[in-house]
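To start, the structure under review is shown below, and the notes come after it.
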Amino acid sequence: MPAQHPCIHSYAEYEDAYRRSVENPEQFWAEVAEPFTWRRKWDSVLKADLVGGHNEWYSGAKLNITENCLDRHLATRGNKLALIWEPNDPKTRQIRYTYRELHQQVCQFANVLLNNGVEKGDRVCLYMPMIPQLAIAVLACARIGAVHSVIFAGFSATAIADRVNDAQATVVLTSDGLNRGPKQIPVKRVVDEALESCPSVRRVIVVEHLGWPVHMQEGRDVWYHEEAQEASKSCPAEEMDAEDTLFILYTSGSTGKPKGVVHTTAGYMVWADYTFRNVFQVQENDVYWCTADIGWVTGHSYLLYGPLLSGASTLMFEGVPTYPDAGRFWEVIDKHGVNVFYTAPTAIRSLMATPLDNVLSYSLDSLRVLGTVGEPINEEAWHWYHTHVGKERCPIVDTWWQTETGGIMISGLAGISPLKPAHAGQPLPGVQPVLLTQEGQEIEGNGQEGYLAIKFPWPGIIRTTYGDHERARQTYFGPYPGYYFTGDGARRDEDGLYRIIGRVDDVINVSGHRFGTAEIENAINQNPHVVESAVVGYPHDVKGQGIYAFVICREPVGKTDAGQVEASIIETIVAEIGKIAKPDKIQLVSGLPKTRSGKIMRRILRKVAEGETSNLGDITTLLDPGVVEEIIQGKK
Ligand code: PRX
């Protein structure tokens with residue numbers, strides 16, 4: 001009998017696991033890793049390096065993550081549902097795959113990739129709707145050792161091209177179109193436009209979803225369903241090294257273009273599984289639903305890998321929370337008997353703003369555990385979720401983590417840890433958080449606030465940024481050598497529970513999506529009207545943070561033309577990044593508050609955007625203090 005996966009069942013067990021993970025991390029993580037399917041065990045559990053950022057877990061081990069997600073469950077869970085797919089339109093057909101069927105689907109897709117010349121180590125970009133073939137394709141890449149890079153299907157052609165070129169992808173997987181609520185979007189057309197500037201791509205495999213006619217480029221584009229006819233439903237898994245790259249996922253930082261966060265095979269697998277089981281406390285017959293898109297890390301770790309590694313039944317939803325009406329989430333929960341539900345605060349806030357009947361008309365009896373992720377949850381939203389969705393009987397796990405951490409870092413364990421609204425809570429075993437002063441001194445004791453950093457590696461830690469390790473080193477390990485720097489500020493309350501305050505760098509979190517202010521400014525500056533711009537975040541009732549752009553135009557713009565210029569700026573952002581980065585407010589200004597050395601004083605702009613203009617601090621050192629008054633007068 002293989003060893004059982006250790007799972008925490010009580011607070012005392014949590015304390016014991018935590019203590020062991022700190023006292024003897026290597027032994028702890030060796031025990032956690034033991035029950036997986038390994039082709040060869042590791043030579044060393046951990047090679048730690050929080051200075052250069054070269055961290056390795058389970059070096060020397062050989063495995064394939066899909067054997068752990070699929071094959072090893074076949075004997076005991078072959079007929080258990082692995083993937084339940086709920087379509088955008090509730091009147092159309094759901095799809096359900098057992099572990100056996102999902103295994104076959106993944107093998108078949110893997111064979112299509114192999115037949116199309118994809119080799120171990122090749123980068124494959126996926127720009128697809130939330131349909132089962134996206135989940136299948138991701139696993140198919142992992143099956144044959146190709147590196148998947150999923151690009152959220154709301155990004156623009158330019159954003160796709162940036163990511164495809166950075167990864168030097170040879171193959172792109174896409175579909176004819178996608179459904180988003182009442183809209184249909186011609187996904188393949190966006191890919192075609194992107195690929196005009198992507199010479200590395202030699203093959204595009206198109207999954208038919210809407211049945212739309214699309215342009216197929218001779219010699220480059222093929223239909224998945226035609227390729228699949230020849231492809232067998234069995235495919236041996238490629239043997240991977242523990243530290244072989246599993247995937248790249250692009251995410252925004254405070255400088256430059258989005259960077260490709262790299263996760264490798266064994267450490268990510270152990271981390272995704274361990275955190276999933278312990279945080280959500282999913283039981284064998286549960287239906288588990290994470291509403292995130294696979295285009296984001298939450299979809300990778302907690303829609304796909306975590307649940308499948310643990311042998312759970314995971315629900316995948318194509319649509320949006322408000323279609324056909326704002327009761328859709330709750331309807332899906334009742335329809336499928338969802339027991340564990342994991343979503344984003346922004347979704348909760350947007351549904352809170354609709355009539356309460358939308359939620360009260362569903363029973364939600366099946367729910368046992370609720371979770372949130374992606375941004376701080378305000379107390380009002382927490383209480384609404386707890387009262388009206390959880391009926392005051394379901395614990396809420398507020399899970400703090402990042403694309404770079406691979407999995408949940410600070411969170412309660414459902415039904416085990418103390419619940420405190422708007423607090424992520426305590427670190428998971430293996431996570432050693434600290435609060436630092438700006439100078440890098442550790443802040444001791446409770447009731448304190450500081451920069452959140454982690455002082456010991458965990459299995460899911462970012463390995464590098466694709467093609468540019470120096471960037472990873474500087475971003476995460478450079479600011480405070482010996483620590484992983486998160487970019488977040490946090491408070492440790494009197495009970496030692498962590499509350500995440502928000503980013504302390506130039507990153508804005510809009511509806512749980514990260515954007516660098518520089519990234520949006522670069523996009524705005526592509527507009528021919530624009531000379532310079534400065535972007536800041538400001539508190540937004542539904543999105544958490546909204547995007548406020550201050551823009552200087554080449555020519556003075558009269559009131560009558562301002563609307564047109566603003567619309568043109570928005571168009572540019574949509575073309576450069578995508579609709580998700582549309583600013584909420586654009587203010588045309590004649591100048592920006594700058595220091596004498598030319599640095600933009602964002603602190604002042606942030607205060608203006610927040611409407612807090614009474615206390616701007618000392619502005620006499622500015623190059624042109626007069627500009628501040630003009631900006632205040634013109635505030636949107
Ligand atoms: O600021 C934190 C916020 O989201 C950032 C990470 O964003 P991303 O890499 O896109 O991953 C989102 C999903 C894991 C963090 O630096 N964040 C994430 N979860 C929480 C959070 N802020 C507060 N509370 C959370 N539970």
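Here segment 463-526 is assigned +1 on the Cβ of each Lys and Arg and -1 on the Cβ of each Asp and Glu. Its dipole about the Cα centre then comes out at about 160 debye. Rounded to the nearest whole angstrom, the semi-axes of the ellipsoid equivalent to the chain, taken from the Cα gyration tensor as √(5λ), stand at 37, 30, 25, largest first. Across the cross-link table entries Lys120/Lys183; Lys183/Lys391; Lys420/Lys455; Lys120/Lys259; Lys257/Lys543; Lys91/Lys120, which are compared at the Cα atoms, the separations over 30 Å belong to Lys120/Lys183; Lys183/Lys391; Lys91/Lys120.
Working note: Cα gyration tensor of segment 299-430, eigenvalues times five, square-rooted, sorted largest first, giving semi-axes of 23, 18, 14 Å.
Entry note: segment 399-449 has Rg to Rh equal to 0.99, where both radii use alpha-carbon atoms and Rh is the Kirkwood radius. Segment 78-147 gives an Rg/Rh value of 1.02, both radii derived from C-alpha positions and Rh following Kirkwood. Ranked by the mean number of other Cβ atoms within 10 Å of their residues, highest first, the peptides 238-250, 29-41, 138-150, 88-100 come out as 138-150, 238-250, 29-41, 88-100.
Footprinting exposure proxy ranking of Arg203, Arg603, fewest other C-beta atoms within 10 angstrom first, gives Arg603, Arg203. The residues neighbouring Ala82, those whose beta-carbon lies less than 10 Å from its own, together hold a net charge of +3 under the Lys/Arg +1, Asp/Glu -1 convention.
For segment 29-89, pairs of C-alpha atoms spaced more than 17 angstrom apart make up 57 percent of the total. Close amide H contacts of Val530 (hydrogens built in the peptide plane, cut-off under 5 Å, sequence separation of 5 or more or a different chain): Arg554. By the equivalent-ellipsoid construction on the alpha carbon gyration tensor, segment 484-556 comes out with semi-axes of 32, 12, 9 Å, ordered largest to smallest. Residues with beta-carbon under 10 Å from that of Gly253, excluding Gly253: net charge, scoring Lys, Arg +1 and Asp, Glu -1? Within the 10 Å Cβ shell, the charges total 0.
The charge dipole of segment 289-396, taken about the Cα centre with unit charges on the Cβ atoms of Lys, Arg (+1) and Asp, Glu (-1), comes to about 240 debye, rounded to the nearest 20.
Radius of gyration (Cα atoms) of segment 1-126, expressed as a multiple of 2.2 N^0.38 Å: 1.40. For segment 219-284, the normalised intensity computed at q = 0.16, 0.21 Å⁻¹ comes to -0.95, -0.97 (log10 of I(q)/I(0), Debye sum over alpha carbons, equal scatterers, no solvent). Electrostatic tally near Phe280: other residues with Cβ closer than 11 Å to its Cβ, Lys and Arg +1, Asp and Glu -1, net +1. With Cα atoms as the point set, segment 148-246 shows a radius of gyration and Dmax of 14.9, 44 Å. In segment 544-636, the C-alpha radius of gyration followed by the widest Cα-Cα span (Dmax) gives 13.9, 39 angstrom. Residues Val431, Val106, Val287, Val510, arranged from fewest to most other Cβ atoms within 10 angstrom of their Cβ, appear as Val287, Val510, Val431, Val106. For segment 193-325, the normalised intensity computed at q = 0.19 Å⁻¹ comes to -1.35 (log10 of I(q)/I(0), Debye sum over alpha carbons, equal scatterers, no solvent).
Taking the convex hull of the alpha carbon positions in segment 371-465 and averaging its projected area over all directions gives 7.3 nm². Computed on segment 67-109, the Cα convex hull volume stands at 72 Å³ per residue. Annotation: amide H of Ala82 within the under-5 Å range of Tyr97, Thr98, Tyr99, sequence separation 5 or more or interchain, hydrogens built in the peptide plane. Sorted largest first, the spans of the alpha carbon positions of segment 580-631 along the three principal axes are 36, 23, 16 Å.
With the dipole of the chain worked out from charges on the C-beta (+1 for Lys and Arg, -1 for Asp and Glu) around the Cα centre, which of Gly390, Tyr480, Gly327 lies farthest toward the positive end? Of the options given, the answer is Gly327.
The value given for segment 130-192 is a Kirkwood hydrodynamic radius of 12.7 Å, derived from the mean inverse Cα-Cα separation.
Of the GluC sites (Glu not before Pro) found in segment 343-431, the ones in coil according to DSSP and having at most 11 other Cβ atoms within 10 Å of their Cβ are Glu392. Annotation: amide H-H contacts under 5 Å for Gly60 (H modelled 1.01 Å from N, sequence separation of 5 or more, or interchain): Asp43, Ala242, Glu243. Expressed in units of 2.2 N^0.38 Å, where N is the residue count, the Cα radius of gyration of segment 372-414 is 1.24.
Under the convention that each Lys and Arg Cβ holds +1 and each Asp and Glu Cβ holds -1, the size of the dipole of the chain around its Cα centre is about 400 debye. The Stokes-Einstein estimate for segment 432-553, based on a Kirkwood radius over Cα pairs and taken at 37 °C with 0.692 mPa s viscosity, is a diffusion coefficient of 200 µm²/s.
Coordinate-derived values only; no laboratory data. Here the structure is a predicted model, which means the values were calculated and not measured. Here the Cβ is made from the backbone with ideal geometry for all residues, glycine too, and neighbour counts use every protein chain on show.
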